[in-house]
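Colleague: This is the structure I have questions about; it appears just below.
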Amino acid sequence: MDFHHRTGMSALAILIADLPNNQRPRFVQSMLEAAPHRSTDGVHLASTTCCSLGYAQRGCTGREQQTAWPARDGNLWVLADLRLDNREELCTNLFGTATDDVSDDRLLLAGYRRWETDLANRLVGDFALLIWDETVGSVYAARDPFGVRPLFCRQADGWLAFASEAEQLLVLEPVDAPMDEQTVADYLTDEVRSLRRTFFRGIERVEPGHWWLARPDGITRQRYWLPPRTSSRHLSATEGRDEFRRRFFRSVGQRLEAQQPALLHLSGGIDSSAIAGVAGQLAKHGRLRAEACRLVSAVYPGLDCDESAYIDAVRQRTGLPHENWDGTESVCAAGVAGPSSHPWGAGKFGSVAGDWRIAQRLGARVIVSGFGGDELLFERGIFADLARAGRWLELLRQGRLAPRYSTRSARYFVLDGLRALLPGRIRACYRRWRPATRPAAPSWWGAKLRELAAQGSDDGLAEPAVAFGSRTQEATWHWLTRPGFLLALEWQVLEAGRAGIEMRYPYLDRRLVECVLELPYEQRLPDGRMKRLAREALRDCLPACVADRRAVTTFDANIELQFRRSVPAVAAVLERSPWHSTAFVNQTEAVQLLRNLAAAPPGTLDWTEIATVWNIALLELWLHRWQPRLCRAS
């Protein structure tokens, strides 16, 4: 199914170069034309000395469609792809009144004049923004804490460019971008170690939660979003749950704002069911029109991962319009070429394709997802905190209850907590005395992959030192900011944008996340039920069968089904000639791995090996597409 000529999120493009005034705008125009799915509401260009700016407009709300970008105030120009959640607070701080008449561009320009590089830290919402200061010749670039709005950069001798997608930067001739081999190695080994690198050397990603300031003498990069230093220890457990509930209701409500109906993906799990339940409450109390949103769900008839019973219970409780689609009929894209900028994760295409089809049929531009709920709400670090506090009986009790929601034993959780008591110096000595055994490289690894996997990757950007209030806070922060999670989110956003969809994530609301991070670990004890905070704070929004469920559904059965269907297409890719992945993948061994998996008895396949085969096939397709340009550039 072709999703590539639909609408998408707005596109930004800026080029700073010492070129004739008639050439720079043409380059910027070409950059915008490289993302046609982002320009349904018009294209706008502007030029100043040494700089041209472009904006391909695509809005989901009336305010977004009415804002005129690029915008100017004296020496400052601004471009932004954003959805602001704290407009009243910004207006009050900047203009002394909580008016709703101030445009987004005026807010950003006034904010930059007041706060300069701290502007990004004052914003709440999803955003990628660029501010050109023609007086000093600088560009300020920033992304929201989780990178829901993408932004990339490319520089060479004499020019610098930023854009919403890497594909836009590939049009800048005469220089072709060579492949970044370390990123390919990270992709194949499933060890993402760099957020800045992309699959093209010289094209970088502006990291989520960071701002960049590019000046003639170089680029300064800094993380602006850090875990809160304050604590909610003064709040009782009831007050903590109430604050989480208040912020979650606000987060869901703000992400349902759209001119067309918004779709809510409902899987039947706690995270998506809570979003649907809150939407139902908002509709019940007149704060949301019921027809303004629709629940959409993938069902898997005949498989043990089918969540129809939970989905039906949520649908009946909320009273919201609902539509199912058959997830077993999805077609994995492991045999289909993906986007030009990366092959990341395209094997998961089938898990969302039904949502996209429904959105296109209904004219919806927004899908609200529960992605990020696991990272925010799962109680990692609790056992270490109990051990450090000397709460031995509670540690044993929580450990005994943990197998109710985990496949691991009580002994594992208790020992995991006790390990936290060992001083770091002792743990380091133990690791030197008995280093972890590195598993042997798989037989399908090529020579270049073996070399790069051993080297690792370094951005050269040291993260600020953070004093965490608890192991629970530290673990939650780690899971929310780890590169693999943030790149998975970016892939969702970019692929949905190519299908004409804007993804929104209530669990990744900055104010909600900070609320959870500030809670003392004592208010996060699971008591045999993971994500207890959300269960108790939102119990009246959930059917009892969902609020009290303990088992976690895995989708191994559907992954195996999709894999067996994809075998002919994958085999055609792996057996083709010429083989472009020689440096990274031994073709003979990759074919044998596919045959071994295809011959395995039903129910015995390891989904990680399936993902490996899919990723190899997708990399080969991607390299086949780009090999001529990559060879010219290398």
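The values are calculated or read from the model by the stated rules, or taken from the named source; none is laboratory data. Source: prediction; values computed, not measured. No Cβ is skipped: glycine too gets one built from the backbone with ideal geometry, and neighbour counts run over all protein chains shown. The accessibility values were calculated without ligands, DNA or RNA, using every heavy atom of the protein model including side chains. Shrake-Rupley method; radii C 1.70, N 1.55, O 1.52, S 1.80 Å.
Colleague: Mean separation of Cα pairs under 8 Å and 6+ residues apart, divided by the residue count of the chain: what relative contact order is that in percent?
Modeller: On the way: 1168 pairs, mean separation 108.5, N = 634.
Relative CO of the chain lands at 17 percent.
Colleague: Please quote Rg/Rh for region 270-313 to two decimal places, taking the Kirkwood radius as Rh and restricting both calculations to Cα atoms.
Modeller: Rg/Rh: 1.07.
Colleague: May I ask for log10 I(q)/I(0) of the chain at q = 0.05, 0.08 Å⁻¹, from a Debye sum over the Cα atoms as equal point scatterers with solvent left out?
Modeller: Debye output, listed in q order: -0.23, -0.61.
Colleague: Considering the Cα positions of region 484-630, please state its Rg to one decimal place and its Dmax as a whole number of Å.
Modeller: According to the Cα coordinates of region 484-630, Rg and Dmax are 21.4, 59 Å.
Colleague: If a/c stays under 1.5 just call it rounded; otherwise compare a/b with b/c (prolate if a/b is bigger, oblate if not). Do that for region 377-527, with a ≥ b ≥ c from the square roots of the Cα gyration tensor eigenvalues. Walk me through the intermediate numbers first.
Modeller: On the way: a/c = 1.80, a/b = 1.15, b/c = 1.56.
Here region 377-527 falls in the oblate category.
Colleague: Something else: If you roll a 1.4 Å probe over the heavy atoms of the protein chains, what accessible area per residue do you get for the chain, in Å²?
Modeller: The answer is 42 Å² per residue.
Colleague: Right, next: Please give the net charge around residue 607, taking every other residue with its beta carbon less than 9 angstrom from that of residue 607, where Lys and Arg add +1 and Asp and Glu add -1.
Modeller: Once all neighbours under 9 Å are counted, the net charge is -4.
Colleague: Sticking with this structure for a sec: Need one number: nm distance between label points at residue 409 and residue 609, each 7 Å from Cα along Cα→Cβ, rounded to one decimal.
Modeller: 2.6 nm
Colleague: Let me ask something else about it. Using only alpha carbons, build the gyration tensor for region 495-560 and give me the equivalent ellipsoid semi-axes, biggest first, whole Å.
Modeller: Here the semi-axes work out to 26, 21, 13 Å.
Colleague: Full-extension gain between residue 230 and residue 391, please, as 0.36 nm times their residue separation minus the C-alpha to C-alpha distance.
Modeller: Working: separation 161, 0.36 × 161 = 57.96 nm, distance 2.36 nm.
Result: 55.6 nm gained on full extension.
Colleague: Let me know the longest stretch in the chain that avoids all trypsin sites (Lys or Arg not before Pro) found in a DSSP loop with at most 14 other C-beta atoms within 10 Å.
Modeller: 1-228
Colleague: Ok, one more. Apply 1/(1 + (r/R0)^6) to the Cβ-Cβ distance of residue 92 and residue 155, taking R0 = 41 Å, and write down the FRET efficiency to the nearest 0.05.
Modeller: 0.60
Colleague: I've got another one for you. Among rounded, prolate and oblate, which fits region 169-230 when a ≥ b ≥ c are the square roots of the eigenvalues of its C-alpha gyration tensor, a/c under 1.5 means rounded, and a/b larger than b/c means prolate? Don't jump to the answer; show the numbers that get you there.
Modeller: Working: a/c = 3.31, a/b = 1.27, b/c = 2.60.
Because a/c hits 1.5 or more and a/b fails to exceed b/c, region 169-230 counts as oblate.
Colleague: Run the numbers for residue 242 and residue 478: contour at 0.36 nm per residue of separation, minus the present Cα-Cα distance, in nm.
Modeller: Details: separation 236, 0.36 × 236 = 84.96 nm, distance 2.51 nm.
Here the answer is 82.5 nm.
Colleague: Still on this model: State to the nearest 20 debye the size of the charge dipole of region 140-292 about its Cα centre, where the only charges are +1 on K and R beta carbons and -1 on D and E beta carbons.
Modeller: Details: 22 positive and 20 negative charges, 218 e Å.
That gives region 140-292 a dipole magnitude of about 1040 debye.
Colleague: For residue 357, put the label point 7 Å out on the Cα→Cβ axis and report which residues of region 535-575 keep their amide N under 16 Å from it.
Modeller: Counting only backbone N, you get 562.
Colleague: Now for a separate question. In nm, give the distance between the simple-model label positions of residue 190 and residue 215, each being 7 Å from the Cα along the Cα-to-Cβ direction.
Modeller: 4.5 nm
Colleague: Just the number, please: carbon plus sulfur as a percent of the accessible area of the chain, 1.4 Å probe, no ligands or DNA/RNA counted.
Modeller: On the chain, the fraction of accessible area on carbon and sulfur atoms equals 50 percent.
Colleague: Once you charge only the Cβ atoms, +1 for Lys and Arg and -1 for Asp and Glu, what is the size of the charge dipole of the chain about its Cα centre, to the nearest 20 debye?
Modeller: Once rounded to the nearest 20, the dipole reads 1580 debye.
Colleague: What distance in nm separates the simple spin-label points at residue 425 and residue 625, each placed 7 Å from Cα in the Cβ direction?
Modeller: 5.4 nm
Colleague: Calculated from DSSP H runs of 4 or more alone, at -39500 (n - 2.57) each and per residue, what is the 222 nm mean residue ellipticity of the chain, nearest 500?
Modeller: -12500 deg cm²/dmol
Colleague: Report relative contact order for region 482-627 in percent, whole number only (criteria: Cα-Cα under 8 Å, sequence separation at least 6).
Modeller: 18 percent
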